[in-house]
1. Keeping to the stretch 46-92, report how many residues are out of contact with any helix residue (DSSP H, G or I) (no Cβ under 8 Å at 6 or more places or on another chain) and under 24 Å from PRO152 (Cβ atoms).
2. I need a count of the residues in the stretch 148-166 that are of a type outside the set (A, V, I, L, M, F, W, C), within 21 Å of LEU33 (Cα to Cα) and part of a helix (DSSP H, G or I).
3. Which of the residues spanning the stretch 66-107 are modelled with pLDDT under 85 and under 22 Å from the mean Cα position of the chain (by Cα)?
4. Can you name the residue in the stretch 123-147 that is over 20 Å from GLY51 (Cα atoms) and in a loop (DSSP other than H, G, I, E, B) and, of all such residues, is modelled with the lowest pLDDT?
5. Would you call ARG118 under 23 Å from the mean Cα position of the chain (by Cα) and among the basic types (Lys, Arg)?
6. Could you tell me whether the stretch 137-147 includes any residue that is in contact with a Gly (Cβ under 6 Å, 6 or more places away or on another chain) and farther than 22 Å from ALA26 by Cα?
7. Being surrounded by fewer than 18 Cβ atoms within 10 Å (Cβ to Cβ), among the β-branched types (Val, Ile, Thr) and in contact (Cβ under 8 Å) with a residue 12 or more places away in the chain: is that true of ILE162 here?
8. With respect to ALA231, is the statement that it is out of contact with any Cys (no Cβ under 8 Å at 6 or more places or on another chain), hydrophobic (A, V, I, L, M, F, W, C), surrounded by fewer than 21 Cβ atoms within 10 Å (Cβ to Cβ) and at pLDDT below 90 true?
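The values are calculated or read from the model by the stated rules, or taken from the named source; none is laboratory data. It should be emphasised that the depicted structure is a prediction, and the values quoted were computed from it without experimental measurement. Neighbour counts are summed over all protein chains in view; Cβ atoms, including those assigned to glycine, are modelled from backbone coordinates with ideal geometry.
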Amino acid sequence: MADLFVAGGIVTALEDAAVAVGRLDAALAGNPLRRAWTFWSELDAARRHAGADGRKVDLFRLAAHLHGLPLRLGDTASAPERGREIAGLNYAIELRSWMAAPDREQQRLRDIALDSLRDCGGGQPALVATAQGMLEWLAGQGSRPAIRAAVPLYLRDRGITIHRLAAVTGGDSLRAGPVDPDGFTVRFLETVGREAAEGRDLLLTMEREWRQARLRVDHRAGARSNSRLPAAVDLLAASPLLSISALAEALGCSVEGASRMLEALVQLEVAAEVTGRTGRGARRLYGLKRLLPIRAETTAVQRRARGGPRGRPKRVLIAPFAELADDAGVADATPDAEPAEPTRLTAASFDFDALDRLIAAADERTRGVRRLLDRIARGDKPFPTADGTEEPGAA
């Protein structure tokens with residue numbers, strides 16, 4: 001077996017990146033939240049990629065836009081500014097489709113980029129070969145979204161990872177920087193290490209939030225072995241945003257029963273209604289409480305609890321999925337200490353069939369958004385109303 005040669009200035013960055021990627025991949029093994037983590041990682045990666053391409057978007061506004069929620073627009077924003085933001089959000093959704101639900105042309109270009117990475121992989125460690133392959137691809141005027149989407153697939157193809165790590169793309173290395181190959185390689189490795197570390201922090205935070213929600217619900221359910229509230233919490237934790245009808249279909253219960261379960265979880269301060277919509281026919285979406293800032297980004301009529309303060313809920317200015325401390329002493333821990341792994345919840349009660357149905361519904365919605373954007377790009381009417389099968393608000 002030939003020895004792999006790595007330049008001295010790259011060794012440290014390579015070691016750090018390899019350790020971070022390995023930790024993330026190991027944390028995802030057998031994890032019930034892996035699919036939910038993949039969704040949010042793809043969405044956050046699309047946000048970062050749009051920023052690297054000069055279009056800054058907000059993660060919570062992107063999530064609301066992806067789910068078809070009307071966005072709140074600032075009173076001081078001009079019409080061109082609003083148009084640029086909507087264009088940026090649409091661009092980020094387009095970037096996510098390269099990873100989540102590529103069309104035929106995107107898949108073709110992604111496969112070409114993947115083959116290009118494979119051709120550059122001889123005699124170098126996988127991460128270094130990925131950096132050099134990306135640099136050669138860009139030098140040949142290749143598509144940026146294609147090469148970014150190909151990176152997780154290539155790492156899995158080389159046996160470096162077991163899973164397709166949606167968070168690890170090296171996309172931020174495409175920002176302006178040194179033009180020499182070694183400089184780009186170091187920047188790529190540092191980016192990969194940072195992406196993997198942030199992806200692992202996100203997963204641990206989601207696990208911790210799920211554990212805290214389950215503990216609160218289990219305490220409420222008590223000895224009732226037939227309670228479906230724990231299963232509802234599992235689906236909320238493992239899915240992006242959940243509607244009442246989707247929960248009813250996943251659990252095999254009535255819509256009224258699913259609505260009561262979600263309202264009970266809201267009362268327990270475990271879940272939050274992120275749309276704020278009212279009315280029997282309104283499409284209301286729910287998520288765990290950390291997703292409440294999405295609600296502040298929509299224009300739907302805001303509902304308030306009886307006796308509560310009036311007005312729109314305050315926007316929480318925190319990083320998405322910021323670390324949740326188990327107790328007050330966690331904040332005083334030394335920064336160099338390795339974060340303790342949260343106690344894993346038993347997966348015996350987790351309904352993976354229900355989760356599969358939810359993921360399939362989310363993918364179908366993504367494809368619907370892409371079809372709508374394609375019609376607008378062609379200059380057609382967004383919603384055909386003559387003999388077409390789609391009507392406004394059909395979703």
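1. Selection size over the stretch 46-92: 2.
2. Final tally of qualifying residues: 2.
3. HIS67, GLY68, LEU69, PRO70, LEU71, ARG72
4. Checking each candidate, the answer is GLY123.
5. In short, no.
6. No, because not a single residue in the stretch 137-147 is in contact with a Gly (Cβ under 6 Å, 6 or more places away or on another chain) and farther than 22 Å from ALA26 by Cα.
7. For ILE162, the condition - surrounded by fewer than 18 Cβ atoms within 10 Å (Cβ to Cβ), among the β-branched types (Val, Ile, Thr) and in contact (Cβ under 8 Å) with a residue 12 or more places away in the chain - is met.
8. yes
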